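Student: One structure, as structure tokens, below. Some questions next.
The values are calculated or read from the model by the stated rules, or taken from the named source; none is laboratory data. Just so it is clear, the model here is predicted, and its values are computed rather than measured. When we count neighbours, we look across all protein chains shown, and the Cβ atoms used for this are built from the backbone with ideal geometry, even at glycine. SASA here: full protein model, heavy atoms, side chains in, ligands and nucleic acids out. Shrake-Rupley method; radii C 1.70, N 1.55, O 1.52, S 1.80 Å.
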Amino acid sequence: MSDEFIPLAIPNITESEGANLQRCIETTFVSTVGEFVIEFEERVAKLSGTYFEPDSNLGSCGGIAMGAGTMALHMALHGSDIGQGDLVICPSFTFIASANSIRHANARPWLFDVSPESWTIDTKQVAEALKTKTHHDAEGVLRHTESGDRVAAIMPVYTLGTPADMEEIIALSEEYGIPIIADAAAAIGVDYKGKPIGDMADFTCYSFNGNKTITSGGGGMVVGRNRKVMNRIKHISTTARVWPNYDHDEVGYNYRMTNIEAAVGCAQLDRLESFVEAKQKIRRTYDAEFADIKGISAFPYPEDRGSTCWFSGFVVDDPELPQPEEICAKLGEQRIQARIFWKPVHMQVPYADTPMENCPYSEDVYKRIVTLPCSTQLTPEQQARVIHAVKEILSA
Ligand SMILES: *Cc1c(COP(=O)(O)O)cnc(C)c1O
């Protein structure tokens, strides 16, 4: 068999990205102002179900493009007046950027476990903690009783491109009066039980980093329907400048996406559907091929909702089998790139002291995950090589 290198997850780039980039160069619109930024924001807002007509050329259209997904989350939090003395409910099993964005806003994450059925935040645990560990103070502010901090928002993470248990989260958000800021980093291109994905949270944040469903090189976007807050997010992420002079009415950020990045993003959007279909097919093939192997299981993909199937792989359940690091090393010897997955936030140095609930499932599962090659351009032959290698390693 061929020993060509098979990468884990690489961008799928063709001539159309190049043509758009060429246009940036020809027009000299390479920076944060330009036609592709406007087009990208409009199209992503429309497919998220959050588009509205901007009230001026400084106003938002329901989508605001940023330089990274982390910036999108930070701006959604800061624009919602979340900051010092606040806690944001967040799963511990996530990429560290979710927690970092909360710290960038000067708030702290309050960490929860994830459910084995979806790897998204355990809504039963959240409901229980809100009931027993918070109270409304004399001003009606929801407080975490032990620390006295305000519980300011909930940040579900759409792990693997799978929306969290949003009915439950929306119910908790309404009961306790806290906004939902969703980390949908890899979830563009999926809906939630027939509803557009931007319907499920006050603000939904995507990442367009190189390994996400679509990429803009680097980038992110906040989508949301609250015109007032969205206009404010656009303002503060664009240095809070009050045009036309150099007047700035608060400490702003230089966080906007460039036209060059948006040019790539627009070309990628044309192929979003085919990318998601390719990801889903790759995942189904692995799951079907591995279904009979004893001691491993598939990633959870709940049947009641869709997923972009951002990553594919399997979970090692049997401690007698080779473990993920060994499996990845052996695949590496065959020039197949495989990796272990996120280490929970509460086990990371900067978050050792953040408030948290027990996270037994996160602590257990993260050590057992193997992610396998799942680029959208992975060929059936390449996938067959990966499958063959995995089967060999597990039966040795
Ligand atoms: C990629 C990712 C982010 C951050 O996006 P960047 O564009 O890299 O800043 C945030 N959350 C999750 C779950 C991610 O996977």
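Student: What number of residues within region 115-152 are free of Cβ contacts under 8 Å to residues at least 60 places away in the same chain, in contact with a Leu (Cβ under 7 Å, 6 or more places away or on another chain) and open to solvent by 30 Å² or more (accessible area, probe 1.4 Å)?
Tutor: Total satisfying the criteria: 2.
Student: A further question follows. Being at pLDDT 95 or above, basic (Lys, Arg) and away from the ligand (no atom under 14 Å from the Cβ), is that true of even one residue in region 171-193?
Tutor: Within region 171-193, none of the residues are at pLDDT 95 or above, basic (Lys, Arg) and away from the ligand (no atom under 14 Å from the Cβ).
Student: Could you tell me how many of the residues in region 300-318 are within 16 Å of the ligand (Cβ to nearest atom) and more than 17 Å from the chain's Cα centre (by Cα)?
Tutor: 1
Student: Could you give every pair whose Cβ atoms fall below 7 Å, whose first residue belongs to region 291-304 and is free of Cβ contacts under 8 Å to residues at least 40 places away in the same chain and within 29 Å of Lys193 (Cβ to Cβ), and whose second residue is open to solvent by less than 50 Å² (accessible area, probe 1.4 Å) and in a strand (DSSP E or B), counting only separations of at least 6 or pairs across chains?
Tutor: Ser297/Phe314; Ser297/Val315; Ala298/Phe314
Student: Condition (residue is of a type in the set (Phe, Trp, Tyr), over 26 Å from Ser274 (Cα atoms) and open to solvent by 10 Å² or more (accessible area, probe 1.4 Å)) applied to region 98-113: is it met by at least one residue?
Tutor: First, the residues of region 98-113 that are of a type in the set (Phe, Trp, Tyr): 110, 112.
Remaining after also requiring over 26 Å from Ser274 (Cα atoms): 110, 112.
Adding the requirement that they be open to solvent by 10 Å² or more (accessible area, probe 1.4 Å) leaves none.
Within region 98-113 (the criterion being of a type in the set (Phe, Trp, Tyr), over 26 Å from Ser274 (Cα atoms) and open to solvent by 10 Å² or more (accessible area, probe 1.4 Å)), the answer is no, since none of the residues qualifies.
Student: In region 65-87, which residue that is of a type in the set (A, V, I, L, M) and over 16 Å from the mean Cα position of the chain (by Cα) is farthest from the ligand (Cβ to nearest atom)?
Tutor: Here the answer is Leu87.
Student: Determine which single condition Lys279 fails, assuming it passes every other condition in (1) open to solvent by less than 20 Å² (accessible area, probe 1.4 Å); (2) basic (Lys, Arg); (3) over 14 Å from Thr376 (Cβ atoms).
Tutor: (3)
Student: Suppose the filter is within 16 Å of the ligand (Cβ to nearest atom), more than 23 Å from Gly79 (Cβ to Cβ) and under 20 Å from the mean Cα position of the chain (by Cα); does Thr204 pass it?
Tutor: no
A quick yes/no check of all residues on (1) touching a strand residue (DSSP E or B) at 6+ places or on another chain (Cβ under 8 Å); (2) more than 23 Å from Arg108 (Cβ to Cβ):
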site	(1), (2)
Asp122	yes, no
Lys131	no, no
His136	yes, no
Thr145	yes, no
Pro156	yes, no
Gly194	no, yes
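Residue by residue, here is whether (1) open to solvent by 10 Å² or more (accessible area, probe 1.4 Å); (2) touching an Asp or Glu at 6+ places or on another chain (Cβ under 7 Å); (3) within 19 Å of Ile82 (Cβ to Cβ) holds:
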residue: Ile214; (1), (2), (3): no, no, no
residue: Val222; (1), (2), (3): no, no, yes
residue: Asn226; (1), (2), (3): yes, yes, yes
residue: Met230; (1), (2), (3): no, no, yes
residue: Ala240; (1), (2), (3): no, yes, yes
residue: Asp247; (1), (2), (3): yes, no, no
residue: Tyr253; (1), (2), (3): yes, no, yes
residue: Gly265; (1), (2), (3): no, no, no
residue: Leu272; (1), (2), (3): yes, no, no
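Student: If the requirement is being under 25 Å from the mean Cα position of the chain (by Cα) and on the phi > 0 side of the Ramachandran plot, which of these qualifies: Gly49, Gly34?
Tutor: On the way: Gly34 fails: under 25 Å from the mean Cα position of the chain (by Cα).
It is Gly49.
Matching residues to (1) in contact (Cβ under 8 Å) with a residue 24 or more places away in the chain; (2) of a type outside the set (Asp, Glu):
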{"site": "Asp318", "(1), (2)": "yes, no"}
{"site": "Lys330", "(1), (2)": "yes, yes"}
{"site": "Arg339", "(1), (2)": "yes, yes"}
{"site": "Tyr366", "(1), (2)": "yes, yes"}
{"site": "Arg385", "(1), (2)": "yes, yes"}
{"site": "Glu392", "(1), (2)": "no, no"}
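Student: Restricting attention to region 356-386, and to residues there that are among the basic types (Lys, Arg) and closer than 22 Å to Pro300 by Cβ, which single residue is surrounded by the most Cβ atoms within 10 Å (Cβ to Cβ)?
Tutor: Arg368
Student: In region 319-345, what count of residues is obtained for those that are within 16 Å of the ligand (Cβ to nearest atom) and hydrophobic (A, V, I, L, M, F, W, C)?
Tutor: Residues flagged as within 16 Å of the ligand (Cβ to nearest atom) and hydrophobic (A, V, I, L, M, F, W, C) within region 319-345 amount to 4.
Student: Contact list please: Cβ distance under 6 Å, first residue in region 1-28 and more than 19 Å from Phe208 (Cβ to Cβ), second residue among the β-branched types (Val, Ile, Thr), pairs at least six apart or on different chains.
Tutor: Ile6/Ile336
Student: Of the residues that make up region 233-241, is at least one away from the ligand (no atom under 12 Å from the Cβ), assigned by TED's automatic domain parsing to the domain that holds Ser80, free of Cβ contacts under 8 Å to residues at least 12 places away in the same chain and not hydrophobic (A, V, I, L, M, F, W, C)?
Tutor: yes
Student: Select from region 38-61 the residues that are of a type in the set (Gly, Ala, Ser) and open to solvent by less than 30 Å² (accessible area, probe 1.4 Å) and list them in ascending order.
Tutor: Ala45, Ser48, Gly49, Gly59, Ser60
Student: So how many residues does region 62-97 have that are open to solvent by 10 Å² or more (accessible area, probe 1.4 Å), among the hydrophobic types (A, V, I, L, M, F, W, C) and farther than 12 Å from Val345 by Cα?
Tutor: The number of residues fulfilling the criteria is 2.
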